[in-house]
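This is the structure I want to talk about, given as structure tokens.
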């Protein structure tokens, strides 16, 4: 008994008695090619180049940058599809919540968010911190960030941009800190 060659090109079934490939056979072959991630020669149907029944070279590899798999090459459709899934999941995994464009936060300074109760600072290049913008002295909103401190305009309390600690009274408690996450070109307050 002869065994079929596992690397042989799939051929569409012929319509009974016509010598032409059936639509079902062509679609079945195309499905096998797409699932295997390979490229094969398919039979022409519906007036492609050459006579009906002559092989016509066509690319059956999936679009979207996937590479063709050859026996023993070690690539697979799943592996070649992963980069696009990873790219789309990065967009999905971007943090939500208050944020600012990283380039707006000066090194040694900070930005007071208008739409959220946070100050985002950058004590050293690439290190971002977030603190409450509500002063711990009497609940005023801080008004500025300059020279390494966050300043409350009500009674001139000052807080460190590094850890929120009190640098100048009358405040006695530090500004509560929050975690930050950099994603893309933005700094997010995440906790």
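Return one quarter of the surface area of the convex hull spanned by the alpha-carbon atoms of the range 99-189, equal to its mean projected area, in nm².
On the way: hull surface 19.6 nm².
Mean orientational projected area (the range 99-189, Cα hull): 4.9 nm².
With each pseudo-label sitting 7 Å past Cα toward Cβ, what's the residue 107-residue 190 distance in nm, one decimal?
Taking the simple label geometry, residue 107 and residue 190 are separated by 2.3 nm.
Taking 0.36 nm per intervening residue step and subtracting the Cα-Cα distance, what contour gain separates residue 23 from residue 179 on full extension? Please list the in-between numbers first.
Working: separation 156, 0.36 × 156 = 56.16 nm, distance 5.95 nm.
Additional length available on full extension: 50.2 nm.
While we're here: Extending each Cα 7 Å along its Cβ direction at residue 94 and residue 168, get the distance between those two points in nm, one decimal.
Distance between label points: 3.8 nm.
Give me the distance in nm between label points sitting 7 Å out from Cα along the Cα-to-Cβ direction at residue 154 and residue 141, one decimal.
For residue 154 paired with residue 141, the spin-label model returns 1.3 nm.
None of the figures in this text is laboratory data; all of them are computed from the coordinates on show. All values derive from a computational prediction rather than experimental measurement. Positions of Cβ are backbone-derived with ideal geometry, glycine not excepted, and every protein chain shown enters the neighbour counts.
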